[in-house]
Structure formats: C-alpha cells, structure tokens
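The values are calculated or read from the model by the stated rules, or taken from the named source; none is laboratory data. Small disclaimer: the values here were computed from a predicted structure and weren't measured. All Cβ positions, even for glycine, are placed from backbone atoms using ideal geometry, and neighbour counts span all protein chains on display. In case anyone asks, the SASA skips ligands and DNA or RNA and just uses the protein heavy atoms, side chains included. Shrake-Rupley method; radii C 1.70, N 1.55, O 1.52, S 1.80 Å.
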Amino acid sequence: MILSFKDFSFIQGLKAALLTGLFATAGCRISPSATDFSTAESSDCITDYAPNTDYFPNKIQPQYAAGFSVDYHNHYKVVTVTQPWQGANESFKYLLVQCGTPIPEGFEDAQVIQVPVDTVVTLSTTYLPHLDRLDQVDALLGMDNFSFVYSPNIRTKIEQGKLIEFSSGRTLDIERLLISSPDLIMAYGTGDPDADSYGRLIQAGLPVVLLGDYVENSPLGRAEWLTFTALFFNQEAMAQQVFTEISTEYESLVELTDTLSDRPTVFSGFSYEGTWYMPGGKSYAAQLLQDAGSAYLWANNDSTVTIPLDFESVFDQAATADVWINVSQDWLNYGDAIATDPRYGEFAAFKQDKIFNNNARMNDTGGNDYWESGAVNPHLILADLVKIFYPELLPEHELIYYQQLEP
Amino acid sequence: MANKIYPLKPRSTKAPIISYINKLSLQKLKPLSTNYLTGLTLLSITLLITFLASLALGSVAIPLTEVLNILLGGTATKPAWQEIILNFRLPRSLTAMTAGSALAISGLQLQALFRNPLAGPSVLGINAGASLGAALIVLTVGSGGLWGQLNVVGAASLGAAIAMLLVLLIARQVRSSLALLIFGLMLGYVTTALVTILLHFSRLEQTLAYLNWTFGSFSGVTWQQMPILLSVVSIGLLTSQLTCKPLNLLLLGEQQAISLGLSITAVRCYLIVSASLLAGSITAFCGPIAFLGVAVPHLGRSLFRTQDHRILVPVVALLGAMLALVANSIAQVPGSQTILPLNAVMALLGAPVIIWLMLKRSNH
C-alpha cells in the first residue's frame, strides 16, 4: 500500500506540475521599484463624466479569434472570454469601466477593471509582444519568470532591475503580487483547479484576466488576441492598425501558395521515449503548414491538439516525406539526432538535409522567440515556412525563426 | 527441501493452462519431475508465440506473410516495413522480454529476501536512484547533446548503483530485514523529493520528457544499446539461478536459515547486487516499470502452486517476459496510430489477473 500510494502521489504531483505550465527558473529578486509603486490616478481618468458621451470612439470586433467578444457601451465595455481553455464549458466576463466614470449595475458576477490600466503583470511570455506592439512595455511591472523572456528590450529592463519576478520555480507568490497591486494581471487557465492559479488570485481580490489565445486554432486568431489586450489600454485604434498589417501580410502569403498543386510533404516533432507528439490535423501548427503550401501528412486528422503517436507509425507515413520541422531544441546538428536515436537517420528528410528547427532565436536562459514574438508574427513564421518549402517564391526573405539543422 | 505445495481439489476452469497446471500439481509432489518440465516447455512455447505475435502486431498493419518474409531475410514489398520490423519491433520485443524477466526475477528475489509479498524492485530505492540519475540529465542538460540517450541510461545506471551501494552498506550494519526495507523506502522518499525539486525548476519541455520517461517504454532501446542491456541482464539471470537454494532456505525464516548454516549477510548482499543489477539496468533503459516485479512472482506461485525457487526462477522469468510482451503489444494499440503509456497498460492488465488469482487461492 505504501509503495503504490507513493508512486501515485508522485505521478499526481508531476501531472499537476506539468499542467500548471508555469515556466520555472532558479532564483528571484525583488526590485526596489516594487514597493514605491504609486497609486496616483491615471492622467487618462475622466474628471467631468457626461453620461451621453461615447468614451470609446474606436471600436473593434474580433474577425479571426473565436475565443472572445466585446460589447461597447458609452463608458464601459463588456468583454467575454468564451474559450478560456480547451473544451471549456464556462466563460469569463470582464467589465471594463472608463476610469472616472461610475461602475454600471447589473454585472455583479463580472470582474471589474478600470481602464485604461497603468500597470500590468504577465503570467505568460506570449503576452509580452502584445505590450510591445501596443507601445505599453512601460506599464509592465513584472512577469512570472524571467528566464524565458527573449525580447532584448525587456531583458535590458530585467538586467537593470526594473522588473519583478513573481514566481519562484513553479509557485506564484501572491503576497508579492498583492504588494505590487497591478491594475491588470494577464493570465491563462487550463481548466484544472489544482493547477490553475487564477482562482486564488481572484480570491485575493487581484484584477486577473484569462487569455485564451493558446486555444485558438488559427495563427491569425492567436495573433488577434493582441486586440484583446488593447481593450484594457483603450488602444483599439493602434491594435487595429497593427493587426491589419499582420493579417494582410499573412493573407497575401496564403494567396501566393493557395493554388500550388505539387505540394512537398512535411511532418513535425520527434519521439519522446517512443511516443511521438504530432500536431493534430485541425491544430494551429497544421493550419500554418497548410497555409505555407505544404502537404502535412496528418492533415486529415480531426484533432485540434497534439496527438501521441507510435514512432513506427510515424516512420511508416513519413519515411519518404520531403521536409521535417520542429525537432527537439536539444538538437544542434545531425549528430545530436543520431545520438538520441539512430533510427532518425532513416528518414529521407534526414538524408537529404531537410530538417528545419524553430529555434533560430533562442537566448542563453532558454527563451525562444518563436513562442514569444512569434505569437504576433504569424506572417513572419509563415514566410519562413514558405521559404523552406518554396525557396524560389520568396527569394528576398531570410529565415527568421527557423534554421536548418547543421551538418 | 523447503517446498510447500498448496492442497488442491480437482476442478474445471475456463483457463486451459491453469487447469492443466492444476492437474500437474495434483499428480506429483516431487518438484523437479518431468511434469514440471512439461509445464515449463508449454510456457516456453507460449512465450515464443507471444513473441512472434508481438512482431506482427503494431500501429502499422503489416501482413503476417510479410512479417515472416522479412524475419527470414527476404525483401518487403514496402521498404518502410522492413525498417519497422527489423529496427523498431524486433528490438522492442527483445527489450520487453529482457525487461519482463529481469524485473520479475528481481521482484522474486526481493520478496524472498524481505519475506514480504509487497516487495518489488522499487523497495530498495533502486528505482528511485535511477530516476534521480535520469532526472538530473533530462531536467538539466537535456537528453540530446554529445552523448544523447546513452547519457540518460548512464546516469540512471549510476543512480541505481549508488542507491544499491548505500543499501548494501546498511545491509551489513543492520540485522533485521525490516530495517533494511524501511531504509530502502526512506531512500526512495529522499530521491523522489530531490526529483520534485528538479522538476520545480525545469522547463515544460523537459518536464514532459521526464514525465514520458516515468511512463516506461520498451521502444527506446536501439540495436546499439542492446548488447549492453543483454549482457547485464544475462549475468543477473544466470546468478539468480544460483541463488535458488538460499532463497528456499530464507523462506523458513532468518533464524532457521542461520541454524541451517546460511550466512545471512552474504546471501543478503548477493541478492541485493543481483536484484539491483536486474532492476537498475532495466529502469535505466526503459524507465521505472514497477508493476511487473511485484506481480509476476505471485502469478508464478499461483500458476505452479509452489514456493520452490528452483521452479519459480525459470517460471517467473518466462512469465515476466510474456506479460511484458503482451502489455507492450496492447500499449501499441494495434491498428491505431496512437500509443498508450506502458506502465498504465501494465497495471490495468495485470492487477485484475493478480486479484483474481489471489481470491481463487484464498478459496482453497
């Protein structure tokens, strides 16, 4: 009994740790600025509230993102996150009230946030590029962990001690958050109450908002969540402009490859102890491959998440595939792959030097820009992929996030 | 001879092998009779069939004629099939057989040593030692790099060896096996705690890699690693055959065994080394596969109705190999592309069988 209980609780602990998904790091420090944060009213606050004035002249509605909606009223916006996590059957409502105007009645169940917010804490690196593109990096008080931050701009701030790290290891320090009292905490949920931290944050009275960007199955849908972030800064106009550029660029690349018929076959990932995690045929990754004009070998699969496959079935389907992408970040060259498992060498893509990895922009601390700025740059990721599959279509383009595995 | 035969009534049962073995046990009392050898032969034939079936079953449907053709050195109609049979399924099935018998024997030895039916390869803290070694590699430097997968295997072996040395040191100090058992458990808790701290500070991708390692898998061993695994396990299995007599004496209780001239400390150390070699090497290559070591000795005792280790050692080795092959084939979910965690399949498949056998035995 003792043995089995021990094993059980160990696996449970691992599962919880995995599901929490909070990236980890060693060490933490609190910058001096943490305590002298000023609670002064924002200069954007309204001092002469007029009920009939429309305080949000610039309005946006998501076009690609399926996970949120927004209703505009004169002095407040009602934002609903309908897909906070995969297969969620509850939604979250946020009442964004213009600072200096009264809080409307009838939204007792919604989290109230005064906008525009002045200070923000992010609990995932994918939100950092939102702030960057919206010119709001100065509002950033800190994030969960420093080690996975890539953005050189934010890294400089970290080195200068201007930011606070709110997690140590996988544990979020709520006391540190309470002291900093940010206007907004950008977080995500997984649907597992044991792993999710947002419940504790809400109980502590902290203004936490869940972003469902990672649930979106289209690359543009994910990127469009930057307009969601913009709602909290009243930066709709800028968000619209930024996102239109992204989507226009993306759509023009799709047009470029849309009519191509002789498509190169492609597969993705690598084997963890015999289990190969392949992106589902309806997933974000599959959509990118399809839009890049390639023939993804698991395109007919119905899953929107990764599917665990047997190595041999991957080999059966992909042995002769033209291109192999997104291999282990530990592989720097072909020798690393062979050392891990010599059977990798039997793939045609391996023999023909057609392995491309998305780790071209990684820093010493393990931050990979593909998972950071890539979130708002689906057009650049797509351009990389088009370049990989059809070098002649984009002769000018240099690979940004991708690089060919070294010999 | 410390041989205990359970009293039996003749009865019919749906499982033909069990009724056959029931009959065997009824007919004779001398353990090493020809009937026992018949049972062993039957088991070996079943194992061979299971082995061939495991080569034919997999995620990719390959016709049986093609499988035989490839095994006999022919050329397959599809080149990928040849690769799958020879470089994926053959090493996997061999690993499964090796791992199954090694873990089962290790469990058998430890159950006799501690005279505790719950003992298995995990009680000595050997699994935990191997896990810590693997975790250090997977969670810090990553499983790629210069040394690749062998790094993990090497670190896990080293972890298991250190745990084994610690247990050996204690075994020479303390007289009671119970104290040794508790020491092994404590060692397990300490290493588990260290792994948890490592996990706490690791990246999601590393955590996933480690988690997958704990799921257990026979697919990771390649032909390059096979000679190492096979030679270590062969040594362990051969020595296990030599420990049969002391094991039988241990069943009488330590005091009795000593009065019969057995050097408990020497036997203890010998068994710990043998069991650690078997369990440690398998854990290093395949991850912690706990269930087989605990369960298969019970299965062997129930099927052959004996406590005689001269019979049990070969029987348990064969049964362990067979159960590992069956569990492995089920984990591949033949006909589908997906795959299930081996440890989960092993327990889901094995636990009901063991419970059923226990209930059946307690009825007599």
Asserting the computed 222 nm helical MRE of chain B (DSSP H runs at least 4 long, -39500 (n - 2.57) per run, divided by residue count, to nearest 500) equals -23500 deg cm²/dmol
With a Förster distance of 25 angstrom and the Cβ-Cβ distance between B:ALA179 and B:GLN256, calculated FRET efficiency to the nearest 0.05 equals 0.80
Extend 7 Å from the Cα of A:THR306 along its Cα-to-C-beta direction; within region B:309-342, residues with backbone N under 19 Å of that point are B:337-342
Any helix of chain B counts here only if DSSP assigns it H throughout, its Cα atoms span 18 Å or more along the axis, and its mean Kyte-Doolittle hydropathy is at least -0.5, and such helices are B:34-56, B:90-114, B:149-173, B:177-200, B:226-242, B:264-286, B:291-304, B:309-331, B:342-363
For the protein assembly as shown, the charge dipole (Cβ of Lys, Arg +1; Cβ of Asp, Glu -1; about the Cα centre) points to a positive end, and the Cα of B:THR207, B:GLY253, A:ILE202 closest to that extreme belongs to B:GLY253
The answer for GluC sites (Glu not before Pro) in region A:105-204 that fall in a DSSP coil and have at most 10 neighbouring Cβ atoms within 10 Å is A:GLU105, A:GLU108
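Based on Cβ point charges of +1 for Lys and Arg and -1 for Asp and Glu, what charge dipole magnitude is obtained for the protein assembly as shown about its Cα centre, in debye rounded to the nearest 20?
Working: 42 positive and 59 negative charges, 1340 e Å.
With Lys and Arg at +1 and Asp and Glu at -1, about 6440 debye.
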In whole Å, largest first, the alpha carbons of region A:141-288 cover along the principal axes 59, 47, 31
One finds, for A:THR320 and B:THR65 with R0 = 25 angstrom and r their Cβ-Cβ distance, a FRET efficiency to the nearest 0.05 of 0.60
Taking the alpha-carbon centre of each part, the distance from region A:89-143 to region A:244-262 in Å is 33 Å
XL table A:LYS354/B:LYS78; A:LYS282/A:LYS387; A:LYS59/A:LYS387; A:LYS282/A:LYS354; A:LYS351/A:LYS387; Cα-Cα > 31 Å flagged, in table order, is A:LYS59/A:LYS387
To the nearest 20 debye, region A:22-235 has a Cα-centred charge dipole, built from +1 on Lys and Arg Cβ and -1 on Asp and Glu Cβ, of 500 debye
Residue separation between A:GLN86 and A:GLU105 times 0.36 nm, minus their alpha-carbon distance, gives in nm 3.7 nm
The longest stretch of chain A containing none of the trypsin sites (Lys or Arg not before Pro) that sit in a DSSP loop with at most 14 other Cβ atoms within 10 Å is A:60-407
Lys and Arg at +1, Asp and Glu at -1: neighbours of A:LYS93 with Cβ under 15 Å from its Cβ sum to -4
Restricting to aspartates and glutamates and to Cα separations under 19 Å from A:LYS157, and discarding same-chain partners fewer than 8 apart, the set is A:ASP36, A:ASP118, A:ASP132, A:ASP135, A:ASP138, A:ASP144, A:GLU165, A:ASP364, A:ASP369, A:GLU372
Counting Lys and Arg as +1 and Asp and Glu as -1 over every other residue whose Cβ sits under 10 Å from the Cβ of B:ALA209, the net charge comes to -2
Carbon/sulfur accessible area of region B:147-273, % of total, 1.4 Å probe, equals 74 percent
Taking alpha-carbon centroids only, region B:291-336 lies from region A:338-367 a number of Å equal to 39 Å
Given the candidates B:THR75, B:ASN116, A:PHE107, the one whose Cα lies deepest towards the positive end of the charge dipole of the protein assembly as shown, counting +1 at each Lys or Arg C-beta and -1 at each Asp or Glu C-beta, is B:ASN116
Simple spin-label estimate for A:ILE174/B:LEU165, 7 Å along Cα→Cβ, in nm, reads 4.6 nm
With +1 at each Lys and Arg Cβ and -1 at each Asp and Glu Cβ, the charge dipole magnitude of region B:236-364 around its Cα centre, to the nearest 20 debye, comes out at 260 debye
Chymotrypsin sites (Phe, Trp or Tyr not before Pro) in region A:47-141 lying in a DSSP loop, each with at most 14 other Cβ atoms within 10 Å of its Cβ, come to A:TYR49
Placing each pseudo-label 7 Å from Cα in the direction of the beta carbon, A:GLU251 and A:ASP192 end up separated by a distance in nanometres of 3.9 nm
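For the protein assembly as shown, what is the percent of antiparallel DSSP beta bridges, rounded to the nearest 5?
Roughly 50 percent of the beta bridges in the protein assembly as shown run antiparallel, per DSSP.
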Sorting A:LEU96, B:LEU42 on solvent-accessible surface, 1.4 Å probe, most exposed first, gives B:LEU42, A:LEU96
For region A:22-235, the percent of accessible surface on carbon and sulfur atoms (probe 1.4 angstrom, ligands and nucleic acids excluded) is 47 percent
In region B:152-241, the chymotrypsin sites (Phe, Trp or Tyr not before Pro) that sit in a DSSP loop and have at most 13 other Cβ atoms within 10 Å of their own Cβ are B:TRP223
In units of 2.2 N^0.38 Å, the Cα radius of gyration of region B:16-363 is 1.01
Here the FRET efficiency for B:LEU204 versus B:ILE235, based on Cβ atoms and R0 = 45 Å and rounded to 0.05, is 0.70
Mean accessible area per residue over the protein assembly as shown (1.4 angstrom probe, all protein chains present, square angstrom) is 41 Å²
Relative to chain A, whose Cα atoms define the longest principal axis, helix A:236-258 and its Cα axis are tilted in degrees, nearest 10, by 20 degrees
